[in-house]
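Worksheet: one structure, shown below.
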Amino acid sequence: MSSTLATPLETPRANRWSALVVLSAAMLMTILDGSIVTVAMPAIQQDLGFSPAGLSWTVNAYLIAFGGLLLLAGRLGDLIGRKTMFLAGNAVFTAASLLAGAATTPGLLIAARFLQGAGSAMASAVVLGILVTLFTDPGERAKAIGVFSFTGAAGASIGQVLGGVLTDTLSWHWIFFINLPIGVATIVLAIRTLPSDRGAGLSAGADVLGAALVTSGLMLGIYTVVKVEQYGWTAPHTLGLGALSVALLAAFTVRQATAKTPLMPLRILRSRNVTGANLVQILTLSAMFAFQIIVALYMQKVLDYSALATGLAMLPAAVAIGGVSLFVSARLNTRFGERAVLSAGLVLLLGAMLKLMTVPVNANYVTDLLPVMLLIAGGGLVLPALTALGMSDAKPDEAGLVSGLFNTTQQIGMAVGVAVLSTLAAARTEEELASGVAEPAALTAGYHVAFTIAAALLAAALVVTVIVLRKPQHTTV
């Protein structure tokens, strides 16, 4: 039984674009919440009395819930209706934001952040599934994905600036309270603009054991990765929990091959585009941590930029990515195909990392860093093309699942990037300091290691793109 999500023939063109605005607004709220908290962490620590280790859980609790529940939420969206799941997710996120803003103890804030992650997973997991069923025409779909990708690029940049402004002018509580009017407006508009769908029914995939295995496996895996920086790669904590996570996910795979009504039918992985796009996404987002975080650290710790100066210095990259994804990517995808555009974008990102591999201790912004900011515009080509490829073979009754899988690998890629690049960069810096190298030079050497690994990851993503991915056959819903 297929879900009956309204098709473009049943949904007027204006309503489809109104629905896209609602979907994008919900994703903007989620992305803002991911970046806005990092700026306010010092104020949160001072006000609530967090320990340094405990403070990291304001981020980790969100990531674990978000990444661990995406796949399950995507499949449940197909079964109970994607609109229902989207509305429920936004309601949970909005209520959790109120709880987080009113938190007076570390435990209450961490619990609220976990609930925020769960709500974000519920809403985010089905967004792409709704989008591809609304826009089946290749040209319109390319434009819609370009707008959606622009939201992601803008949200990450706006979050850091907005977090600083709200924390300094009001208090850290308002980084959560600001979600309340946005969340309520999103819910009201979603009820009016999103097409209704019945879903296939829980009997079509109510695999409780499979749900428990995949959710616990993903949560444990993400927890293990985010704690690598504290324990190290070879510590019993990392190896033991990592092995248990792999075992749970392996048991989930076996379960899906034998269950009468599997949570995730393994046939979706037979699609070269689904499997290949998710692999490319993991590699690419792992590499992009080097730009998103390490470049900012380099500016502040080596070049002695202030937080404001760092934000302004990275603004050209945000503008370039947003402009390309919004105004250029759709036309190029339609004319040359997503695989060619994805390859071109990866080449530009690779060029940025190669430039960063040789960045000096006393860098000149115009000659050493501004070219990097412009080359990062390749991300505006990569994200829309990758999204289109990853969703291109999604069947109507599995679009939520494929969307959830795509968002899950996104979170895995970011978590792996944080763990791998930051720990290896720190290890190299410690070696340099131990040998008597000055701190700025030691830090730069460590960052060079991160940029080198990022370049290798992007090169691998380019190879997978060329060998595995194919011209998509857009699904007609």
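The values are calculated or read from the model by the stated rules, or taken from the named source; none is laboratory data. Remember, it's a predicted structure, so these values are computed and weren't measured experimentally. Backbone-built Cβ (ideal geometry, glycine too); neighbour counts: all protein chains shown.
Residues that are more than 22 Å from Gly117 (Cβ to Cβ), surrounded by fewer than 17 Cβ atoms within 10 Å (Cβ to Cβ) and not hydrophobic (A, V, I, L, M, F, W, C) do not occur anywhere in segment 216-229. Can you find a residue in segment 448-469 that is at positive phi and modelled with pLDDT of 85 or more? No, segment 448-469 has no match at all. Counting the residues of segment 374-393 that are more than 16 Å from the chain's Cα centre (by Cα) and farther than 20 Å from Leu457 by Cβ gives 3. Scoring Gln230 on the criteria (1) within 28 Å of Gly417 (Cα to Cα); (2) out of contact with any helix residue (DSSP H, G or I) (no Cβ under 7 Å at 6 or more places or on another chain); (3) at pLDDT 80 or above leaves a single failure, condition (3).
Only one of the numbered conditions (1) basic (Lys, Arg); (2) more than 24 Å from Asn407 (Cβ to Cβ); (3) under 23 Å from the mean Cα position of the chain (by Cα) is not met by Arg335, and that is (3).
Rundown of residues vs (1) among the basic types (Lys, Arg); (2) under 19 Å from Gln410 (Cα atoms); (3) free of Cβ contacts under 8 Å to residues at least 12 places away in the same chain, yes/no style:
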| position | (1), (2), (3) |
| --- | --- |
| Ser18 | no, no, no |
| Ala40 | no, no, no |
| Gln46 | no, no, yes |
| Asn60 | no, yes, no |
| Gly101 | no, no, no |
| Phe114 | no, yes, no |
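The requirement of being assigned to a helix (DSSP H, G or I) and crowded, with 16+ Cβ neighbours inside 10 Å is not satisfied by Ile191. Counting only helices (runs of 4 or more DSSP H) that sit completely within segment 217-309, those holding 1 or more residues that are without any contact (Cβ under 8 Å) to a residue 12 or more places away in the chain and outside the structural domain of Asn407 (by TED's automatic domain parsing) correspond to 228-231, 236-258.
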